[in-house]
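Please read the structure below before turning to the comments.
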Amino acid sequence: MGLSAELKEAFKEFDKDKDGFISCKDLGECMRTMGYMPTEMELIELSQQICECSTENIPLTSRSTSSSPLGGGRVDFEDFVELMGPKMLAETADMIGVKELRDAFKEFDSNGDGQISLAELREAMKKLMGEQLNHREIDEILRDVDLNGDGLVDFEEFVRMMSR
């Protein structure tokens with residue numbers, strides 16, 4: 001299961017009323033089911049981040065009149081990915097080793113511009129697998145890992161790809 005699929009699955013499981021949000025108090029439990037063991041302090045910091053973000057991003061006219069921002073600090077899927085993505089990337093980088101990841105990235109990035117193009121991905125896959133993947137398979141890989149939709153794979157997206 002890929003990173004975003006794993007995050008989506010976990011998010012859906014804890015979005016109990018299916019309104020597109022999970023509460024701060026469910027966030028810790030959700031993280032634990034994904035293999036993270038956040039301390040109480042980390043959870044407090046995360047919920048403060050969520051509350052700060054939610055008050056900054058909501059127009060004044062649509063804020064609730066209660067003193068608690070966004071119904072006591074709830075997280076939508078985008079916020080959840082923002083919170084969990086770096087944790088998962090850091091864990092992957094620690095397990096594999098950042099130097100090894102950088103070296104592997106350089107192998108894929110044949111022109112050294114810091115991004116892997118579709119052609120570079122195709123060439124690297126051919127070298128790695130010893131066979132030509134068809135265009136559809138390469139496009140699918142790129143679509144799956146190209147989170148910002150620019151048609152290229154940057155280092156962060158590469159780390160995500162390698163963590164699958």
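No value in this document is a laboratory result; all are computed from the given coordinates. All of these numbers come straight from a predicted model, not from anything done at the bench. Neighbour counts run over all protein chains shown; Cβ positions are idealised from the backbone, glycine included.
Key figures
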read-out: Amide N proximity, the range 140-164 versus SER110 label position 7 Å along Cα-to-Cβ, cut-off under 14 Å; value: none
read-out: Simple spin-label estimate for ASP26 and LYS127 in nanometres, 7 Å along Cα-Cβ; value: 4.6 nm
read-out: Extended-chain gain in nm, criterion 0.36 nm per residue less alpha-carbon gap, PHE77 and MET41; value: 10.7 nm
read-out: Radius 10 Å from Cβ of PHE77, net charge of other residues (Lys, Arg +1; Asp, Glu -1); value: -3
read-out: Cα gyration tensor category, rounded, prolate or oblate, for the range 83-164 with a/c compared to 1.5; value: prolate
read-out: Net dipole in debye of the range 95-164 [+1 Lys, Arg Cβ; -1 Asp, Glu Cβ; about Cα centre; nearest 20]; value: 220 debye
read-out: Label-point separation in nm, ARG136 to GLU156, each point 7 Å along Cα→Cβ; value: 3.2 nm
